[in-house]
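Enquirer: Structure in structure tokens, see below.
The values are calculated or read from the model by the stated rules, or taken from the named source; none is laboratory data. Here the structure is a predicted model, which means the values were calculated and not measured. Glycine also receives a Cβ, built like all others from the backbone with ideal geometry; neighbour counts cover every protein chain displayed. Just so you know, the surface numbers come from the protein's heavy atoms only, side chains and all, with ligands and any DNA or RNA stripped out. Shrake-Rupley method; radii C 1.70, N 1.55, O 1.52, S 1.80 Å.
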Amino acid sequence: MMYSKIIGTGGYLPEKILTNKDLEAMVDTSDEWIRTRTGIQQRHIAHKDQVASDLALYASQNAMQAAGVTQKDIDLIIVATTTPDMVFPSTACILQEKLGIDNCPAFDVQAVCSGFVYALATADMFVRSGKCRNALVVGSEIYSKILDWNDRSTCVLFGDGAGAVVLSQSEHPGILSTHLHASGSYSKVLSVPGSIGGGEIQGTPFINMDGNTVFKFAVKVLEEVVREAIAENNLQAADIDWLIPHQANIRIIKSTAKKLGIPMEKVVTAVNKHGNTSAASIPLALDMAVRDGRINSDQLVLLEGVGGGFTWGAALLRW
């Protein structure tokens, strides 16, 4: 039986750092207000000329280097993004060209902040079935382009970045299970309700969010999907070595961990330095924990995220 396993991780954050103090000069807010309600201290902002595929390129190169693979080894590219380079072609196809990879499937997945889990689950199926040997799975976002910088309820929350993994065939279990969900009935709670028609923007191109509803829903479904993952694998929450949640808000992260009975010492957090980077947040946090030595061989790692749609999901890994 064939399995899939992550053999390399990579991340990239733009050079520009926007601190809470910087935001105080831009909008009616304060460092204390942002930190106490979100846990965010700073976020990275892409250069105006950068696009999602640029960030994805650096993260992918780092992941491929860590995995010890070259362009010739990659035979599938999936990019999770809510902020693609353009309407089409896909950001994955643009990334493929920038990496110098030719003639392999490449496509985008759009599940907002759950995007990386959705993309990883999709790649897992390709690898397990033998359709590909080495999949490059990327989450890349430039949310600074869809923020209303006069809206203090949203502009303080998000940042830009990219994270990537190389998922490869293995004789030993790596990804133990994946669990995906969606409920379109909540589509208006968190959205960018804009589109292009006749060469003009219709609706609004900025993030619109009902923060209280998002918080309550996120804590509820994240607990449920984690319990679903551990139950399917006949485990207990105490068996999880590392929980790597979507980095949206420290209060959501802490509330979910408390409901699950998982101590914060076993939760990887990067929201203080990255802000909410949507589909990039999980792979960025994963790469950070791998590179600083926290995640070690044979440990159980649980990824979980929730995003606009609503979408939510989890992936349980044996490292």
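Enquirer: Out of all the residues in the range 125-162, which are part of a helix (DSSP H, G or I) and touching a residue at least 24 places away in the same chain (Cβ under 8 Å)?
Expert: Listed by number, the residues that qualify are PHE126, VAL127, ARG128, TYR143, SER144, LYS145, ILE146, ARG152, SER153, THR154, CYS155.
Enquirer: Scan the range 285-303 residue by residue and report those that are in contact with a Ser or Thr (Cβ under 8 Å, 6 or more places away or on another chain) and open to solvent by less than 10 Å² (accessible area, probe 1.4 Å).
Expert: ALA285, LEU286
Enquirer: Tell me yes or no: at least one residue of the range 225-242 is open to solvent by less than 10 Å² (accessible area, probe 1.4 Å) and under 16 Å from the mean Cα position of the chain (by Cα).
Expert: Checked against the condition, which is being open to solvent by less than 10 Å² (accessible area, probe 1.4 Å) and under 16 Å from the mean Cα position of the chain (by Cα), the range 225-242 yields no hits at all.
Enquirer: Do you know which residues across the range 1-53 are open to solvent by less than 40 Å² (accessible area, probe 1.4 Å) and of a type in the set (Asp, Glu)?
Expert: The answer is ASP31, and nothing else.
Enquirer: I'd like the full set of residues that are in a helix (DSSP H, G or I) and in contact (Cβ under 8 Å) with a residue 60 or more places away in the chain, limited to the range 233-261.
Expert: ASP239, ILE250, ARG251, ILE253 - these are the residues of the range 233-261 that are in a helix (DSSP H, G or I) and in contact (Cβ under 8 Å) with a residue 60 or more places away in the chain.
Enquirer: Same structure again: If I go through the range 14-72 residue by residue, how many of them are assigned to a loop (DSSP other than H, G, I, E, B) and either free of Cβ contacts under 8 Å to residues at least 12 places away in the same chain or aromatic (Phe, Trp, Tyr) (or both)?
Expert: The number of residues fulfilling the criteria is 5.
Enquirer: When you go through THR213, THR269, THR154, THR204 one by one, which is the residue that is farther than 23 Å from ILE142 by Cβ, open to solvent by less than 70 Å² (accessible area, probe 1.4 Å) and out of contact with any Cys (no Cβ under 8 Å at 6 or more places or on another chain)?
Expert: THR213
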